[in-house]
1. Order by neighbour count: 69, 26, fewest other Cβ atoms within 10 Å first, most last.
2. Could you please state, rounded to a whole Å, how far the C-alpha centre of segment 41-65 is from the C-alpha centre of segment 1-35?
3. Per DSSP helix of 4 or more residues, -39500 (n - 2.57); summed, then divided by the residues of the chain. What does that give at 222 nm, rounded to the nearest 500?
4. Using the Kirkwood radius built from alpha carbon pairs, what does the Stokes-Einstein equation give as D for the chain at 25 °C and 0.890 mPa s, in µm² per second?
5. Using the basic label-point model (7 angstrom from Cα toward the beta carbon), what is the residue 57 to residue 45 distance in nanometres?
6. Once fully extended, how much extra length lies between residue 30 and residue 9, figured as 0.36 nm per residue of separation less the alpha-carbon to alpha-carbon distance?
7. Return the single residue from 47, 14, 58 with maximal mean-square fluctuation; model: Gaussian network over the chain, springs between Cα atoms under 10 Å.
């Protein structure tokens, strides 16, 4: 995955878990780590296909195919 900034407003669940950050765009590695750390706050039933694909791409690029969630 190329290191293009991610527009948080394009991904509703990502936008929600970035409650304590003000920037509109985030680094992909930061997005991945925040998905991991805050997965319990992600409503998986509300994930749109585009956001599911983003998460899979981030898992491949930054999690070696895995995401460690509690």
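All of the numbers you see were taken from the coordinates with simple rules; none came from a lab. Quick caveat, the model's predicted, so the values are computed rather than measured. Glycine also receives a Cβ, built like all others from the backbone with ideal geometry; neighbour counts cover every protein chain displayed.
1. Going from sparsest to densest Cβ surroundings: 69, 26.
2. After rounding, the separation between the Cα centres reads 11 Å.
3. -12500 deg cm²/dmol
4. 204
5. In this crude spin-label approximation the distance works out to 2.8 nm.
6. Additional length available on full extension: 6.0 nm.
7. Greatest mean-square fluctuation among the candidates belongs to 47.
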